[in-house]
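Down below is the structure, laid out as structure tokens.
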Amino acid sequence: MIKNISNLGDAALYCDFGKDVNKDTNTKVIRYFKSIQKKNILGINNLTPSYNKLIVSFDLKITNFKTLKKEIENLDLINSETISNKRIEIPVCCDEQFSLDIKRLEEKLKIGREKIYENFFNRDFFCYMTGFIAGMPFLGDLDKNMRAKRLETPRVKVPKGSVGLTEQFANIYTFESPGGWNIIGNTPIDIFDSSKEFNPNLINPGDLIIFKSINKDQFLNYNE
Amino acid sequence: MNKNYFEVIRPGINTTFQDQGRKSLYHIGIPFSGVMDNRNFLIANKLVGNEFNFPVIEFAYQGPQLKYFGDKINISITGDVKFVLKKSKDVIDGTCYKSFTLENGDELDIISTNKSVYGYLAIGGELDVKYQWSSCSTNTKANIGANDGKKLAINQKINILKINENLSHKNLNYVNTKIENIRVIKGTNFDYFSENGKDIFFKKEFIVSKLSDRMGMRLEGPEIENIVDTNIKSEGLIKGVIQVPADGNPIIMLSDHGTIGGYPKIGVVISADYDKLVQLTPGSKVKFKEVDLSSAENLFRLYDLETQNLISQI
């Protein structure tokens, strides 16, 4: 299923699953990621799944590229059915105060905000990967008529909880950070909780996400 | 109540608690972090009788000024660092790679690093710092790790839970050398660049930019021309990856790098050269030199052996 394994420097494997960015390819990446994670292979430091790649970085004092390449090539993959994917509802408020780029989206997409919200809420999004900043999920796919480019000039500060759109993906800013995505709303729930020793991130690769619309009152009085 | 502590009189520019970093969290967006210069970290800890992965204080350019209160304690400073020790009436010029004893009321003033960026202060004992995911390493961008994920601040305290009993003095004869040729393995997008761009990458000189920090080192030089695409589908990054964004100037990923990136990877710095790479000051001139995987692995074995040898001499 991996198209090619090469070395990224002297301390990482670069597993290429092909050019396409879609759910099928990404599901394969996630299956390898979870299988390797479960096997606890000696010397592996980190696994970074993304749309169509998996990077396996390791401690060069303990193992090396050749040994790990063999291990990964001969890996027993866990059964797809046993991979537990959660279904998570994320409340999002699109009040003007939070929907920072709604006007820009209307202009760029050439559709009204009602239609934009309709295309965004109450449908399944698939988590392709998490990262860039701690816990940030990359969720797809947006409808073809919902795909806008990044802001020409990224914001220096995107507020925590902001939900952004760019091209085929939605993301959630887990804490205040610079960023260039089109902000459509804000969620009152903590997507990343650094006080948790285990599973500090709410959303993991492979999970299904459904955005639910809430009004400003519900946002302000939200109790998890 | 802690009876043994340091008070921060001046925090320095970028002073943080660090150890060897945290593993297995790239997939949720948390970088490795940890000390920039691993060898100097290991030596500092060994000089004061600490276990190898005890937290140390890492500083860049200008270090902290600290006043000590409590029972006798050993400290050591490694790197290329200028510092003084103020003991009642005496002001003593400090020497790196040597442990010495502080007494109640003594002051330590770490004035600056000389021809390098990072230096390390190891304190002989257990520090009262917060661990997050098995590491105290401070990531100031995500506010993770010791000190609520922040740099040291003026007037704060560094509390010591337990002082190492052995106060004998140790030293090591070691001189940091500066690197001019950074050895790299070709990156996964090497063929995105024009023949001329590849030539420039391996033959021309680059200058370390002021816009370098624990996340990355930016370099300036002749533009490296991309003939395929200046973006790739976002994918994982590791320490040492050299990305080239649309402006044609390389950026090297360092310990606090973002875990995912979308710029083409022209090369990756070999593990053996990482400690010396991070010590390059802005304005330093460097060249990239290509090596293959098996040479890189051999060079790392040599580097590691040399590090182990140095530590065993202490």
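Miscellaneous remarks
- Among the residues of segment B:136-170, those that are at pLDDT 95 or above and hydroxyl-bearing (Ser, Thr, Tyr) comprise B:137, B:138, B:168.
- Sole residue being among the basic types (Lys, Arg), within 12 Å of chain A (Cβ to nearest Cβ) and crowded, with 17+ Cβ neighbours inside 10 Å, chosen from B:239, B:233: B:239
- Count of residues meeting criterion [assigned to a loop (DSSP other than H, G, I, E, B) and free of Cβ contacts under 8 Å to residues at least 40 places away in the same chain] in segment A:137-158: 7
- Selection count, segment A:16-28, where residues are at pLDDT 95 or above and either over 24 Å from residue A:168 (Cα atoms) or facing chain B (nearest Cβ under 10 Å) (or both): 1
- Selection of first residues in segment B:239-253 that are within 21 Å of residue A:59 (Cβ to Cβ) and not assigned by TED's automatic domain parsing to the domain that holds residue B:35 and of second residues that are part of a strand (DSSP E or B) and of a type in the set (Lys, Arg), restricted to Cβ pairs under 6 Å at least 6 apart or on distinct chains, gives the following pairs, ordered by first then second residue: B:241/B:265.
- Taken residue by residue, segment A:72-82 has at least one member that is more than 14 Å from chain B (Cβ to nearest Cβ) and within 27 Å of residue A:168 (Cα to Cα).
Residue by residue, here is whether (1) aromatic (Phe, Trp, Tyr); (2) surrounded by 22 or more Cβ atoms within 10 Å (Cβ to Cβ); (3) within 18 Å of residue A:118 (Cβ to Cβ) holds:
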| residue | (1), (2), (3) |
| --- | --- |
| A:136 | no, yes, no |
| A:144 | no, no, yes |
| A:156 | no, no, no |
| A:160 | no, no, no |
| A:199 | no, no, no |
| A:221 | no, no, no |
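- Qualifying positions in segment A:46-67 - touching a residue at least 24 places away in the same chain (Cβ under 8 Å) and touching a strand residue (DSSP E or B) at 6+ places or on another chain (Cβ under 6 Å): A:48, A:49, A:50, A:51, A:53, A:54, A:55, A:56, A:57, A:58, A:59, A:65
- In segment B:138-182, the residues that are in contact (Cβ under 8 Å) with a residue 40 or more places away in the chain, part of a strand (DSSP E or B) and surrounded by fewer than 20 Cβ atoms within 10 Å (Cβ to Cβ): B:157, B:159, B:161, B:163, B:171, B:181
The values are calculated or read from the model by the stated rules, or taken from the named source; none is laboratory data. All values derive from a computational prediction rather than experimental measurement. Cβ sites come from the backbone with ideal geometry, for glycine too, and all protein chains shown count toward neighbours.
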